[in-house]
Every structure is written in structure tokens, then in C-alpha cells.
Amino acid sequence: MNVAVIGVGHLGRHHARLLGAMDGVELVAVVDLIRERAEEAAQKTGARPLTDYRELVGQVDAVTVAAPTSVHAEIARPFLERGAGVLVEKPMTSSLADADTLVDTAARTGAVLAVGHTERYNPAIRAITPYVTTPRFVEVHRLSGFPERSLDIDVVFDVMIHDLDIILALVRSEVVAVEAVGVAVMTDRFDIANARLKFASGCVANVTASRISRDTLRKIRFFQPDSYISVDYAEQEVEAYRLVRGDGTRPRIEGGKLPIPREEPLKIELEDFVAAVRDRRPPLVTGADGRRALALAQRIADEMAKGL
């Protein structure tokens, strides 16, 4: 399968590294507007360095797009039009209209459209998915230091969107109410945000994201009747407890850490994308999933803007 990576900056260079070493894949090109960056990635992978992605339209089976969000739709659409598979990094696009265009184009041509919500492939999340059945409360903290990238978007679209995708996938209910507040500290965009989401099922999610914290923390916790599940995304660790009721005896709590085999989520994601293109099947995270997470992120951003 002939594949190319478009955008080989902070994240795209890891796309190139993994795809260049994958069985059954020929990484034919790496593309970046900064020629030196394209050449560096090419030297490490043996791919051809390019500065114009349009040279590849009609020439490859699939591409991954790790360029700035503002050009995701512009880059992805011509490949989808030709039936090539596209994995576009999160956030999917800079507008819902652009997201709809990509989803509609993929549906019309039969091309595979995947969105890079990498946490869905985290072994810890995959391990708990069967056990999150009736969540009533979800608590999320995603905190990190100030980045040198993605400053063209605020913290909701940059990092919180990871957790929004996970919550939507596991709560499986419509969001009926949103309360949110954001603060711009280091940039002219929101750098720290908190959102409280209420679902039709009655579940409530409290989600905090920050890119100005001293410490790094990436955790999500699920509370449901008779059970509690905690995930550390970064450490790929899970703690799970449940209440066991006996006949005529005092209830007891059982559980602890679950054994989780450590794997690189991005590697699993790219393997799923390649297999989806090869087998012409939907990927784990579809264009519709990416659009759903983007819509909720936009709803949260709109609520935060009301406080300005």
C-alpha cells in the first residue's frame, strides 16, 4: 500500500516513523511546507521529500494529514475525491461545515475517512470499554505545561477534545446541557477550560483541560452504580473496584489495578487505519465520530465565549 504523510512537524514525524516501519506499507513521500523538515523526515524513512501535497493526488492509496487544522479540509478533500483513504488529525477541521464536506465526500466515493483521536486506541481505554455500562458521573483532568505548538486553536480543540471523544463513545447518550468557562492566560485564546456536560441518560461529566499547568496529569474516572473505574492515560494504568453484595452479609469492595499491556496508541491507530483502507471497512474512529467530537467542542467554546 502506497502511503504518504502530509505535515511532519511535532506529530507528523511520528506518523512517518511508524508508517515507514510498518509491514505491507510503502511510505512513498513526506510533505511539509518547510523543505528542511520534509528532508529530515525523508532521510530517516527513505521516503521522497515534497513541499506540495498536490503532487500526490491520484498517486497514493492513503495519506495521513498532520498539518495545521486550518488546512485539514483543503488537503484531505482531493484525496477523498479520488477514493484514497485519509486519516486527518484532531481536531478534524476548523469548522463543522468543513467536517460535513469531508464526511459527505467520503460517503460518496467510498473512501475511508479516519480521525486521529489517538486516546481511543490507548490500551487502558480499550480495556475498560466493556465495563463502562451505566456511567452516572465522569471526572476528567487533562493538564500539561505550555506547548510550542497548536497555538492557533484554544485548549478545548487542542487537548480537551480527546476526552470529549472518549466520553461520547462510552456514555452513549445525547448531550442535553452544557455549562463552560474558559480563561486566556498565555495567549489570546482559552488556555484553561472547564465544562460540565449533562446527558439525556442523567450522566454528568465534569471536564477540565489546561495547557498552562506546572504538573502533567491525564486522568479520567467513571462512577456508576456499584463500581468505579479510574484511568491514567499517560501511564496506561487502570484501577477498577466494584461493590459485592452477599446474602445476609455486609457488602464488600473488590478490585484493584488491572494488568494492561503497554503499547503505543499512535501505532495501533495507524495499523487500524491501514487495515481499514486495505479491507475497505470503517476505522475505529470514523469521520462521523470526529465530527461529533468537534460539534461538542464548538458548543463548549461557544458557551465559554458568552462569559467574555
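The values are calculated or read from the model by the stated rules, or taken from the named source; none is laboratory data. A quick note: this is a predicted structure, and the numbers were derived from the prediction, not measured. Cβ coordinates were reconstructed from backbone atoms using ideal geometry, including for glycine residues, and neighbour counts include every protein chain displayed.
Condition check ((1) assigned by TED's automatic domain parsing to the domain that holds D279; (2) among the aliphatic types (A, V, I, L, M); (3) modelled with pLDDT of 95 or more) across all residues:
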{"site": "K44", "(1), (2), (3)": "yes, no, no"}
{"site": "D52", "(1), (2), (3)": "yes, no, yes"}
{"site": "V60", "(1), (2), (3)": "yes, yes, yes"}
{"site": "V65", "(1), (2), (3)": "yes, yes, yes"}
{"site": "A76", "(1), (2), (3)": "yes, yes, yes"}
{"site": "A84", "(1), (2), (3)": "yes, yes, yes"}
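Is it true that P265 is surrounded by fewer than 17 Cβ atoms within 10 Å (Cβ to Cβ), at negative phi and in contact (Cβ under 8 Å) with a residue 60 or more places away in the chain?
Details: surrounded by fewer than 17 Cβ atoms within 10 Å (Cβ to Cβ): no; at negative phi: yes; in contact (Cβ under 8 Å) with a residue 60 or more places away in the chain: yes.
In short, no.
Of everything in the stretch 183-196 that's without any contact (Cβ under 8 Å) to a residue 60 or more places away in the chain and aliphatic (A, V, I, L, M), which residue is surrounded by the fewest Cβ atoms within 10 Å (Cβ to Cβ)? Give the steps one after another, and end with the answer.
Residues of the stretch 183-196 without any contact (Cβ under 8 Å) to a residue 60 or more places away in the chain: 183-189, 191-192, 194, 196.
Of the ones still in play, those that are also aliphatic (A, V, I, L, M) are 183-186, 192.
Numbers: V183: 14, A184: 15, V185: 14, M186: 12, I192: 19.
Ranking the candidates gives M186 first.
Counting only strands (runs of 3 or more DSSP E) that sit completely within the stretch 1-69, those holding 3 or more residues that are buried (at least 19 other Cβ atoms within 10 Å of the Cβ) correspond to 2-6, 26-31, 62-65. Please verify whether the stretch 113-133 includes one or more residues that are in contact with a Phe, Trp or Tyr (Cβ under 6 Å, 6 or more places away or on another chain), more than 30 Å from V3 (Cα to Cα) and at pLDDT below 95. Within the stretch 113-133 (the criterion being in contact with a Phe, Trp or Tyr (Cβ under 6 Å, 6 or more places away or on another chain), more than 30 Å from V3 (Cα to Cα) and at pLDDT below 95), the answer is no, since none of the residues qualifies. For the stretch 198-228, residues that are outside any loop (DSSP other than H, G, I, E, B) and either among the polar types (S, T, N, Q) or in contact (Cβ under 8 Å) with a residue 60 or more places away in the chain (or both) total 16.
Among the residues of the stretch 89-105, some residue qualifies, meaning at least one is within 19 Å of the chain's Cα centre (by Cα), without any contact (Cβ under 8 Å) to a residue 40 or more places away in the chain and not in a loop (DSSP other than H, G, I, E, B).
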